[in-house]
Amino acid sequence: MKPWQKRFRVPRAEKPEPIAEPLPAPEWRKMILQVASPNEEMGDPGTVVEAQYARVRSEVHVEYDGRLFRAPLGPDDDLGAAARKLLRDKWRGRSSFYDEIYYPPRTLV
């Protein structure tokens with residue numbers, strides 16, 4: 001090392017220690033939920049979906065069909081009930097464009 005390099009050398013900063021421990025992986029639970037009631041007049045059997053949910057910090061996470069939905073969770077809220085409510089709300093807000101078309105039964109007249 002040359003003498004001028006020693007004078008202008010900047011000391012390296014030490015790496016800071018992590019502030020918080022990493023979060024543990026959430027424990028996912030499965031749920032089967034009826035999101036649409038059957039309609040016998042139209043021949044609609046209703047709709048039942050399968051999803052999974054978990055608590056992450058103070059939120060409920062619901063994974064359905066490859067999508068992740070989140071909602072805040074209060075201190076006295078039931079995790080399962082909050083997950084069901086979140087999925088039903090998301091299901092009602094979706095478009096029905098790709099749903100199956102039900103025609104009324106044919107009659108002989």
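Restricted to the stretch 1-54, and to residues there that are of a type in the set (Val, Ile, Thr) and within 30 Å of residue 79 (Cβ to Cβ), the residue that is modelled with the lowest pLDDT is 19. The residues of the stretch 31-66 that are within 12 Å of the chain's Cα centre (by Cα) and of a type outside the set (Phe, Trp, Tyr), listed by number, are 51, 52, 54, 55, 56, 59, 60, 61, 62, 63, 65, 66. Within the set 67, 55, the sole residue that is in contact with a His (Cβ under 9 Å, 6 or more places away or on another chain) and within 17 Å of residue 26 (Cβ to Cβ) turns out to be 55. Filtered by the rule that a residue be crowded, with 16+ Cβ neighbours inside 10 Å and either touching a residue at least 24 places away in the same chain (Cβ under 8 Å) or not in a strand (DSSP E or B) (or both), the stretch 56-75 gives 60, 61, 62, 64, 73.
Scanning the stretch 85-100 finds no residues that are modelled with pLDDT under 90, at negative phi and touching a Gly at 6+ places or on another chain (Cβ under 9 Å).
The values are calculated or read from the model by the stated rules, or taken from the named source; none is laboratory data. Computed from a prediction, not measured in an experiment: that's the story for all the values here. Reconstructed Cβ throughout: ideal geometry from the backbone, glycine too, with neighbour counts over all protein chains shown.
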